[in-house]
Structure formats: structure tokens, C-alpha cells
Amino acid sequence: MKNDVLRLPAPRRDWALFLDFDGTLTELAPSPEAVIVDPALPDVLLRIMDDLGGALALVSGRPLADLDRLMGVALPGAGVHGLELRERRDAPAHPSADVVDIAAVKHALTPLVEADPRLILELKTGALALHYRRAPERAEECRAAMQTALAGTPGLCLMSGKMVFEAKPAHIDKGYAIANLMKVAPFAGRLPVFAGDDRTDEDGFAVVRDMKGITIKIGAGPSIAGYRVKSVEAFTRWLKEVASALPHAD
């Protein structure tokens, strides 16, 4: 794995650029609502998207509506790890698969969260996340509680991230999301490039690697990605350089 941001490949107009959000475009925060978006970032991404013929998408565990609100603009993307898709910024989001009822999982986890305000239960369409960033010593309790809650709900699986456990449909992940987007315009036929920071991004790295694309890991930790950038600040600085370096669309 190459470790120097300056050694990332020069940007090309035939890229399809896929970007994780938390920990990649924004620093991680104590709660999902506390993230801070660089005010310059939306314009940078819009400029890159235009120069790539629309082939830029956010790929996140967050719902697309949440990303739209935080960014202040609607971009193409995959929300809830690919359960929601939006191929073009002016298109409506739509589900990529049947949505599993998570009511029983929510009901099972509610007493745990109500007993400790440091824990956060984030509800999504067909999925949910149990955040323990403010109570890291409770990681194993949270894992066990999630496993117990999932035992009675077929079709859902447990996924671990940075200080979070998520319940989501078993066949949905960021690799699934990227593979689906790569089948349609404006992404089809392009070279996929995916940047992410977490274990949940490794599925996306695997799919992009199989497509002979470019994979970029943000921060420390083991990864199959081909490149590594040391921080969110370094990566967003590189994105600004990409926006300036790409030949602009006519």
C-alpha cells in the first residue's frame, strides 16, 4: 500500500468517483448529528462531478436524506450501505432491495439505550445503528445486545464499524452499492475509484479492486486498499487539487 497522498494517480476524466462520508469527507464526531462539513466541500464535489460527466457519488451508511441535509446539496449516491440509490443528483432516491422490518430489533435495543444516554440508536430505512463512541467501555455489551436482538429477525446481519454496530440486510454492503451504480449511466464504462476509512468500506474496496479500479484508505488500520491517505484533511485537500486539475467539461 502506498502511503503518500502525493503519489495518488493523476485524476482522469474517465473516473467514476465514489466517496464515503464520515471519516473520509468529514472528521468523525461523538454523534452522527455533530459532524462538521467544510463549507467549501459541496462546491468542490459539484465541480468534480461536472468534470466527470456526473460520475461522482457518495457511498455511506447514512440515509441519502441525511447526506443531503448535511451537504446542503443533493448528490448522486448510495445510502444505508446501498439500500438506497440515486444515480443522478436530479433523480429521486429509490430502494435497491426489499426493506426488512426492523421494529423488533429497535424494541429489543431500546432499554439499553434508554438506560445510558451516552449510547445512540440511529434509525434508518430497513437498518439501524447502535453508536457507542461516547461509551467505548461498553463495546462488548453493545455487540452482545445487537446479536441477541438480531437472533429473531431473519434477513438482517451484524456489521461492525468505528464505535458502531449496525443491523442491515445481509446482502447489502458498499460493494453491492458500487456494483449497482457501475451498471448504469453515468458510471458505467468508467474506471471506479473509491475512498473510505472504515471496515465497512472494505467491501467496496474489494469490488473496485476486482474491477481493476483505484482504492484509497483514509487513516490508520489494516486495509486491502491500494493507496493510503493519512487524514481527512489531507484527503479533502487532494480533492480540491483534483477539482483544479481535471479538464473542465465544456
| request: Mind running the shape call on segment 7-129? Use the C-alpha gyration tensor, a ≥ b ≥ c as the square roots of the eigenvalues: rounded below 1.5 for a/c, prolate if a/b tops b/c, oblate otherwise. | output: prolate
| remark: Listed by chain and number, the lysines with an alpha carbon less than 20 angstrom from that of LYS212, same-chain partners under 8 positions apart left out, are LYS2, LYS174, LYS183
| query | ARG199 versus LEU158, label points 7 Å from Cα toward the beta carbon: distance in nm? | reply | 1.0 nm
| request: Could you list, in their original order, any pairs among LYS168/LYS217; LYS106/LYS230; LYS106/LYS162 whose Cα atoms are separated by more than 25 Å? | output: LYS106/LYS230
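Antiparallel versus total DSSP beta bridges in the chain: what percent is that, nearest 5?
Percent antiparallel among DSSP bridges in the chain is about 50.
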| task | Express the relative contact order of the chain as a whole percentage, based on alpha carbon pairs under 8 Å and six or more residues apart in sequence. | result | 25 percent
| message | Once each part is reduced to its C-alpha centroid, what is the distance from segment 167-245 to segment 88-128 in angstrom? | response | 24 Å
| note | Counting only backbone N atoms under 18 Å from a point 7 Å out along Cα-to-Cβ of MET211, the residues of segment 140-177 in range are 172-177
| field | Fluctuation leader among VAL37, VAL207, VAL184 - the chain, Gaussian network, Cα springs under 10 angstrom | value | VAL184
| said: Using a Gaussian network model on the chain with a 10 Å cutoff between Cα atoms, which of LEU75, LEU83, LEU119 fluctuates the most? | reply: LEU119
| note | The answer for trypsin sites (Lys or Arg not before Pro) in segment 100-133 that fall in a DSSP coil and have at most 15 neighbouring Cβ atoms within 10 Å is ARG118
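Apply the a/c threshold of 1.5 to the C-alpha gyration tensor of segment 161-203 and tell me whether it is rounded, prolate or oblate.
Numbers: a/c = 4.01, a/b = 1.80, b/c = 2.23.
Because a/c hits 1.5 or more and a/b fails to exceed b/c, segment 161-203 counts as oblate.
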| request: Would you calculate, for the chain, the mean residue ellipticity at 222 nm contributed by helices, counting each DSSP H stretch of 4 or more residues as -39,500 (n - 2.57) and dividing by all residues, to the nearest 500? | output: -9000 deg cm²/dmol
| said: Please compute the Kirkwood hydrodynamic radius over segment 103-169, one decimal place, Å, based on all pairs of different Cα atoms. | reply: 11.6 Å
| message | Using only the alpha-carbon atoms, how far is helix 139-150 inclined from the longest principal axis of the chain? Give it as 0 to 90 degrees, nearest 10. | response | 80 degrees
| message | Multiplying the sequence separation of ALA245 and ASP50 by 0.36 nm and subtracting their Cα-Cα distance, what value in nm do you get? | response | 68.9 nm
| note | With the convex hull built on the alpha-carbon atoms of segment 63-198, volume per residue in Å³ sits at 115 Å³
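Throughout, read-outs are computed from the coordinates displayed, never taken from laboratory work. Keep in mind that what you see is a predicted model, and the values were worked out from it rather than measured. Cβ coordinates were reconstructed from backbone atoms using ideal geometry, including for glycine residues, and neighbour counts include every protein chain displayed.
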